[in-house]
Amino acid sequence: MRKFADAIPTPSRKPNIVTHISDPAALLRRLFDRAVAVADPMQSLAAALPPRPEGRVVVIGAGKASARMAEAVEAEWGPCEGLVITRYGYARACKGIEIVEAAHPVPDAAGVEATKRMLALLEGLGENDFVLALISGGGSALLIAPSGGITLEEKRALTDALLASGAPIGAMNSIRKQLSDVKGGKLAAAAYPARMLALMISDVPGDNPAEIASGPTVGDPGDAAGALALLERFNVTPPEAIGAYLKAGGAPLAPGDKRLSRVENVIYAAPSQSLAAAAKMARAEGISVHIIGDALEGEARDVAAAQAREALELQATLHSSDAPILLMSGGELTVTHRGTGIGGPNAEFALALALALKGAPGIHAIACDTDGVDGAAEVAGAIIGPDTLRLGPDAADALDKNDAHSFFARIGAQVVPGPTLTNVNDFRAILIERV
């Protein structure tokens, strides 16, 4: 697998010497917007795209960024034959590639039908044909072809249960692969013996191509027994038909299967690039940047409590002449659904962070999903500051109910960019000033 790590450059200039940020919320929003812009396929995909091959070319794809990726491909190659599945509201106008919208994060019949048509498009390809696969986060729900007679309703029930369980994305995808005729390399196998290049935008901690959209172009070393163990670990009782299918052996495709021998997987955009670009922008403003990591996982409220402690400790070390500090991190946090709210790991992180900081002066933060959708809400996340708890005195109750989105809506602190047409996972930044 090749991996591209070059970020879109930011014009360099000598950093300012600053000790105070006049509008912290505006700065944090600009940093988030920069992180998103770097991962926009129209800005980043062309560098990873080879010259258009001779002969028949078929473009397929799935994910929240896939339609924008298709648009970027046609900007370079001209009209192409193909079919791409994206989330409702994320379609783009393409000249040749058909764009189909379906449901995310819980799959629907539109996704099932579009996946059938995609598989039909790959039937009968020869070794001289070329397939370009455009894969991004969200593809797990959009590429839906249940194995062994499992119904869409049963897959939907399982997805709902997994989303509420707090299971990390890697565990969810390991289970999904055992129940699918397209995940875990099986989409690529359907195109054999054609040559395939899979261009990917990573939204998973560690940038493992086998986990992006449940790895439709990457074989799976796991098995049904492992999937059953994960369901037990996260206290998820699957529908009876799914449990029986897994006990019978599941549907694995080994990484060494010959049908994957003509596939090349390339991650050309990843969270690390977006964090680096935002960090460069912050440093140009005279801010000292500490990147905690681009692959953080864990319960959102627990990670928030830990980062609040770190922020307060750093603030205590600042002198009056010191530049502000920016703590940045990426990855994918989870929410164990205990209450009646709609959850959302970024909003829950932000609310838990505000509660842990207890209105500490001089600390502001943003937590957003770069795809513009936090959990099941059409909201990327939220911005907090010293006044957050004063503006919304029911913060603790909202956190108990997993209802952070409603809390931030009431105080006007939501970040709502609309469809960003990309997806490099969560973006978190905590700005710390001396007080």
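The values are calculated or read from the model by the stated rules, or taken from the named source; none is laboratory data. Computed from a predicted structure; not experimentally measured. Neighbour counts are summed over all protein chains in view; Cβ atoms, including those assigned to glycine, are modelled from backbone coordinates with ideal geometry. In case anyone asks, the SASA skips ligands and DNA or RNA and just uses the protein heavy atoms, side chains included. Shrake-Rupley method; radii C 1.70, N 1.55, O 1.52, S 1.80 Å.
DSSP beta bridges in segment 295-418, what fraction antiparallel, as a percent rounded to 5?
Numbers: 7 of 11 bridges.
Rounded to the nearest five, the antiparallel share is 65 percent.
Among DSSP beta bridges whose residues both lie in segment 47-198, state the antiparallel percentage, nearest 5. Mind dumping the intermediate values first?
On the way: 1 of 21 bridges.
Expressed as a percentage, antiparallel bridges in segment 47-198 total about 5.
Percent of accessible area on segment 317-371 owned by carbon and sulfur, 1.4 Å probe? Intermediate results must be reported in sequence, preceding the final value.
Details: 910 of 1630 Å².
Whole-percent figure for carbon plus sulfur exposure: 56.
When you restrict to C-alpha pairs under 8 Å that are six or more residues apart and normalise by the size of the chain, the relative contact order lands at 19 percent. Sequence-ordered 3J(HN,Hα) estimates for segment 95-106 from the Karplus curve with 6.51, -1.76 and 1.60 and θ = phi - 60° stand at 7, x, 6, 7, 10, 10, 9, 8, 8, 8, x, 9 Hz, glycine and proline given as x. Here the gap between residue 257 and residue 322, fully extended at 0.36 nm per residue and compared with their Cα-Cα distance, gives a gain of 17.7 nm.
A simple rule links phi to the HN-Hα coupling: the Karplus curve 6.51 cos²θ - 1.76 cosθ + 1.60 with θ = phi - 60°, which for segment 180-186 gives 10, 9, 10, 7, x, x, 6 Hz, with x for Gly and Pro. According to a simple spin-label model (label point 7 Å from Cα along Cα-to-Cβ), what is the distance in nm between residue 229 and residue 47? Each label point lies 7 Å from its Cα, and together they span 4.0 nm.
Relative contact order for segment 154-249: 36 percent, from Cα pairs under 8 Å spaced at least 6 residues apart, divided by residue count. Summing +1 for each Lys or Arg and -1 for each Asp or Glu among the other residues whose beta-carbon sits under 9 angstrom from that of residue 295 gives -4. Please determine, in degrees from 0 to 90 and to the nearest 10, the orientation of helix 66-77 with respect to the longest principal axis defined by the Cα atoms of the chain, where the helix direction is its Cα long axis. The angle comes out near 70 degrees. The dipole here belongs to segment 42-130: it is taken about the Cα centre, uses +1 on the Cβ of Lys and Arg and -1 on the Cβ of Asp and Glu, and is about 280 debye.
Across segment 8-157, the convex hull enclosing all Cα atoms gives 154 Å³ per residue.
Stretching residue 283 away from residue 310 to a fully extended chain increases their span by 7.7 nm, per 0.36 nm per residue minus the current alpha-carbon distance.
Residue ranges 26-35, 51-60 sort as 26-35, 51-60 when ordered by packing (mean number of other C-beta atoms within 10 Å per residue, highest first). Tell me, rounded to the nearest percent, the portion of alpha carbon pairs in the chain spaced more than 42 Å apart. Result: 15 percent of Cα pairs exceed 42 Å.
Placing a label point 7 Å from the Cα of residue 394 along the Cα-to-Cβ direction, the residues of segment 315-341 whose backbone N falls under 16 Å from that point are 339-341.
Relative contact order of segment 336-392, taken over Cα pairs closer than 8 Å and 6 or more residues apart, is 40 percent.
Under a point-charge model restricted to the Cβ atoms of Lys and Arg (+1) and Asp and Glu (-1), what is the dipole moment magnitude of the chain relative to its Cα centre, in debye to the nearest 20? Before the final figure, lay out the partial values.
Values: 39 positive and 50 negative charges, 122 e Å.
Rounded to the nearest 20 debye, it is 580 debye.
Relative to the Cα centre, the charge distribution of segment 266-383, modelled as +1 at Lys and Arg Cβ and -1 at Asp and Glu Cβ, gives a dipole magnitude of about 280 debye.
In vacuo Debye scattering of segment 74-181, one point per C-alpha: log10 I(q)/I(0) at q = 0.15 Å⁻¹? After summing over all Cα pairs, the log10 values are -0.70.
Counting only alpha carbon atoms, the long axis of helix 152-165 and the longest principal axis of the chain meet at about 30°.
Helix 224-233 and the long axis of the chain differ in direction by around 30°, with both axes built from C-alpha atoms.
Averaged over its residues, the chain has an accessible area of 38 Å² per residue, based on protein heavy atoms and a 1.4 Å probe. Projecting the alpha carbon convex hull of segment 12-97 along each direction and taking the average yields 8.1 nm².
Run through the DSSP bridge list for the chain and note the antiparallel percent, rounded to the nearest 5. List each step's numbers first, then the result.
Numbers: 22 of 61 bridges.
Of the beta bridges lying entirely in the chain, close to 35 percent run antiparallel.
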